[in-house]
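Visitor: Just passing along the structure, written as structure tokens.
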């Protein structure tokens, strides 16, 4: 959770997340695993349809990108028996 311009900002189910380097982003879905708060669906026809993730807001201001507002986030891809991996990305501001 973060506070940006007196507004509490936190990822939740339905938040749009776009990891850096990905062509497309996705909306966060509920996770049924206690190690991960969310799942991020993959735009793929392969056998893996989503990844377990935790998302933390790291930005301190809204950034205007493509006529919308976004904040920086840190994304943890939760490892299952292996170490987690991390990347950064953007979370879309909802309600604007």
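The values are calculated or read from the model by the stated rules, or taken from the named source; none is laboratory data. These figures come from a predicted structure and were not determined experimentally. Cβ atoms come from the backbone with ideal geometry, glycine included; neighbour counts cover every protein chain shown.
Visitor: How many of the residues making up the range 16-28 are farther than 12 Å from residue 91 by Cβ and surrounded by 14 or more Cβ atoms within 10 Å (Cβ to Cβ)?
Guide: Looking only at that region, the number is 1.
Visitor: Right, something else. How about the range 43-57: which of its residues are surrounded by 14 or more Cβ atoms within 10 Å (Cβ to Cβ) and farther than 18 Å from residue 94 by Cα?
Guide: 50, 51, 52, 53, 54
Visitor: Within the range 9-82, considering only strands (runs of 3 or more DSSP E) that don't extend past its boundaries, which have at least 3 residues that are within 11 Å of the chain's Cα centre (by Cα) and modelled with pLDDT of 95 or more?
Guide: It comes to 16-19, 38-41, 50-57, 68-77.
Visitor: From the list 4, 13, 40, pick out the single residue that is touching a strand residue (DSSP E or B) at 6+ places or on another chain (Cβ under 8 Å), surrounded by fewer than 18 Cβ atoms within 10 Å (Cβ to Cβ) and farther than 11 Å from residue 71 by Cβ. Reasoning before the result, please.
Guide: Values: 4 fails: farther than 11 Å from residue 71 by Cβ; 40 fails: surrounded by fewer than 18 Cβ atoms within 10 Å (Cβ to Cβ).
Step by step, each of 4, 13, 40 is checked, and only 13 is touching a strand residue (DSSP E or B) at 6+ places or on another chain (Cβ under 8 Å), surrounded by fewer than 18 Cβ atoms within 10 Å (Cβ to Cβ) and farther than 11 Å from residue 71 by Cβ.
Visitor: Could you grab the pairs with beta carbons closer than 6 Å, sequence gap of 6+ or different chains, first residue in the range 22-37 and touching a residue at least 40 places away in the same chain (Cβ under 8 Å) and at negative phi, second one surrounded by 14 or more Cβ atoms within 10 Å (Cβ to Cβ) and assigned to a loop (DSSP other than H, G, I, E, B)?
Guide: Within 6 Å, the pairs are 35/78; 36/78.
Visitor: Kindly list, by first and then second residue, each pair from a residue in the range 76-91 that is at negative phi and without any contact (Cβ under 8 Å) to a residue 60 or more places away in the chain to a residue that is surrounded by 14 or more Cβ atoms within 10 Å (Cβ to Cβ) and part of a strand (DSSP E or B), limited to pairs with Cβ atoms under 6 Å and residues at least 6 apart or on different chains.
Guide: The qualifying pairs are 76/54; 77/51; 77/53; 78/52; 84/76; 85/77; 86/76.
Visitor: Still on this structure, I have one more. Scan (1) within 21 Å of residue 14 (Cβ to Cβ); (2) exposed (fewer than 14 other Cβ atoms within 10 Å of the Cβ) for the single condition residue 81 breaks and write down its number.
Guide: Here residue 81 clears every test but (1).
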